[in-house]
Amino acid sequence: MAPITPDLRNTQEDIKNVIQDLFQILVQVSNYDSGGRSSREPLAQDILALSQSLYQVHQSATLLPPQSNKGIPEPLIQYVENGRNPDIYTREFVELVRRLNQLARGKMHAFRDFRDTLAAELTRQMPEMSDDVRRVCEATGGSGPG
């Protein structure tokens with residue numbers, strides 16, 4: 001985990017302030033004109049405070065060094081927005097990567113076997129090319145025909 005720098009700590013504080021301002025607006029909206037007195041001014045002040053907090057988050061986030069911006073994959077954001085558990089996303093992603101790695105490994109072994117079979121057949125059919133075939137096999141990680 002990356003160390004928490006003062007810039008990152010400031011950004012975290014600013015985000016907490018935004019959450020607090022959103023909560024204040026929630027309270028103001030739920031109590032809007034419930035006591036017979038106007039709630040318009042306090043609500044307007046809370047919305048202005050939210051606007052200022054959001055601006056502050058933007059300002060402090062732009063001051064962060066580039067390495068602190070890890071970037072969250074868009075599919076993960078959509079997954080969480082749909083109310084699903086990000087741990088399940090991670091597990092599914094790991095399984096997909098494992099499956100694709102196994103597929104790539106199988107293809108790699110198939111091409112290796114094809115190279116060796118082709119080299120052996122070329123050497124058998126055209127013995128004058130055996131030096132070239134051996135050189136190509138060695139260059140591609142094989143040991144040569146036969």
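Quick notes on this one:
- Residues in the stretch 17-58 that are assigned to a helix (DSSP H, G or I) and in contact with an Asp or Glu (Cβ under 8 Å, 6 or more places away or on another chain): D21, Q24, I25, Q28, D46, A49, L50, S53, Q56, V57.
- Lone unmet requirement of (1) at pLDDT 80 or above; (2) under 19 Å from D7 (Cβ atoms) for P65: (1)
- Residue within the stretch 91-107 that is assigned by TED's automatic domain parsing to the domain that holds I19, out of contact with any strand residue (DSSP E or B) (no Cβ under 6 Å at 6 or more places or on another chain), over 30 Å from G141 (Cα atoms) and among the acidic types (D, E) present: no
- Filtered by the rule that a residue be surrounded by 10 or more Cβ atoms within 10 Å (Cβ to Cβ) and over 25 Å from L8 (Cα atoms), the stretch 76-89 gives Y79, R84, N85, I88, Y89.
- One residue from A110, A119 being in contact with a Pro (Cβ under 9 Å, 6 or more places away or on another chain), modelled with pLDDT of 90 or more and either among the small types (G, A, S) or loosely packed, with under 11 Cβ neighbours inside 10 Å (or both): A119
The values are calculated or read from the model by the stated rules, or taken from the named source; none is laboratory data. Keep in mind that this is a model prediction, so the values were computed, not measured. For neighbour counting, all protein chains shown are included, and Cβ atoms are generated from backbone atoms with ideal geometry for every residue, glycine included.
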